[in-house]
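S.K.: My structure is below; once you've seen it, I'll send some questions.
The values are calculated or read from the model by the stated rules, or taken from the named source; none is laboratory data. These figures come from a predicted structure and were not determined experimentally. Every residue, glycine among them, receives a Cβ derived from its backbone with ideal geometry; neighbour counts consider all protein chains shown.
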Amino acid sequence: MARVKPGRAPGRAEWARIRLFAMDVDGILTDGSVTVFSDGIEAKRFSVLDGMGLGMVRDAGIELAWISGRSSGATTIRAQELRIAHVLQGRRDKLAALAEVAAAAGVPLGECVYMGDDFIDVPALKAAGIGVTVPNAMPEALAAARLVTGRRGGDGAVREVCDLILAAARAAPRNSAVPPRTKS
């Protein structure tokens with residue numbers, strides 16, 4: 001279950017206004033680990049729960065962006081599999097990258113969710129309409145975020161945010177493209 005900062009809880013109306021969900025990769029979509037084999041090949045572990053959530057959010061008409069401070073072939077491949085529209089790698093200025101993606105998508109920063117876990121994510125966390133981090137984030141990100149997920153990075157944290165976006169979109173009359181939630 002997500003933890004909300006006192007007095008800073010995003011309400012359902014704020015979630016319903018979200019048109020862009022942008023996030024860091026390492027530490028958010030992964031557990032922050034990178035495996036490098038002796039031949040130089042890199043491997044990362046991504047959560048299938050997060051992937052399913054991102055697909056549902058994308059299909060509901062929400063723009064998706066991955067903004068990573070480092071470049072990675074594994075990130076590129078996973079983004080292609082999930083049809084992530086905006087993938088910016090090697091971008092340490094996360095706020096500039098978020099602003100660039102938001103402008104390209106025609107979305108004001110106030111209608112964006114940004115999810116990050118380290119000090120380089122702080123300006124984007126603060127500028128986005130809703131800034132989210134994970135419980136294992138660095139102290140600076142924990143202080144800047146309005147919401148801390150219950151799950152750790154790489155273990156369904158992104159799915160928690162997807163579910164919040166989708167629940168608000170279902171409740172809002174403007175978006176009938178969101179599939180109804182089914183009992184599992």
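S.K.: Sort out which residues of the range 21-36 are without any contact (Cβ under 8 Å) to a residue 40 or more places away in the chain and either within 20 Å of ASP93 (Cβ to Cβ) or outside any loop (DSSP other than H, G, I, E, B) (or both), and write them in order of number.
M.R.: The answer is THR35, VAL36.
S.K.: Of the conditions (1) modelled with pLDDT of 95 or more; (2) not in a helix (DSSP H, G or I), VAL161 satisfies every one except a single condition; which number is it?
M.R.: Going through (1) modelled with pLDDT of 95 or more; (2) not in a helix (DSSP H, G or I) one by one, VAL161 breaks only (2).
S.K.: Okay, next question. Here's a check for you: in the range 50-75, which residue that is acidic (Asp, Glu) and farther than 13 Å from VAL25 by Cα is surrounded by the fewest Cβ atoms within 10 Å (Cβ to Cβ)?
M.R.: Selected residue: ASP59.
S.K.: Additional query: Could you list, in sequence order, all residues of the range 95-124 that are closer than 18 Å to ALA16 by Cα and touching a strand residue (DSSP E or B) at 6+ places or on another chain (Cβ under 6 Å)?
M.R.: ALA102, ALA105, VAL107, CYS112, VAL113, TYR114, MET115
S.K.: Looking at (1) touching a Lys or Arg at 6+ places or on another chain (Cβ under 7 Å); (2) at pLDDT below 95; (3) not aromatic (Phe, Trp, Tyr), which is the one condition that is false for ALA97?
M.R.: Going through (1) touching a Lys or Arg at 6+ places or on another chain (Cβ under 7 Å); (2) at pLDDT below 95; (3) not aromatic (Phe, Trp, Tyr) one by one, ALA97 breaks only (2).
S.K.: Next question, about the same structure. Does VAL107 qualify as being in a helix (DSSP H, G or I), touching a helix residue (DSSP H, G or I) at 6+ places or on another chain (Cβ under 9 Å), at pLDDT 95 or above and among the hydrophobic types (A, V, I, L, M, F, W, C)?
M.R.: No.
S.K.: Ok, one more. I'd like the residue in the range 37-89 that is of a type in the set (Phe, Trp, Tyr) and part of a loop (DSSP other than H, G, I, E, B) and, out of all such residues, is nearest to ALA105 (Cα to Cα).
M.R.: So, considering only residues that are of a type in the set (Phe, Trp, Tyr) and part of a loop (DSSP other than H, G, I, E, B), the one nearest to ALA105 (Cα to Cα) is PHE46.
S.K.: Follow-up question, since we're still on this one. Is there any pair with a first residue in the range 7-19 that is within 18 Å of ARG58 (Cβ to Cβ) and a second that is small (Gly, Ala, Ser) and assigned to a loop (DSSP other than H, G, I, E, B) whose Cβ atoms are under 6 Å apart and which are 6 or more apart or on different chains, and what are they?
M.R.: ALA16/ALA172
S.K.: Related question: Give the residues of the range 46-71 that are in contact with a helix residue (DSSP H, G or I) (Cβ under 9 Å, 6 or more places away or on another chain), touching a residue at least 40 places away in the same chain (Cβ under 8 Å) and either of a type in the set (S, T, N, Q) or over 23 Å from ARG17 (Cβ atoms) (or both), sorted by residue number.
M.R.: PHE46, SER47, LEU49, MET52, SER68, GLY69
S.K.: Here's another thing I want to ask about it. Of the conditions (1) more than 20 Å from ARG159 (Cα to Cα); (2) buried (at least 23 other Cβ atoms within 10 Å of the Cβ), GLY110 clears all except one; give me its number.
M.R.: Failed condition: (2).
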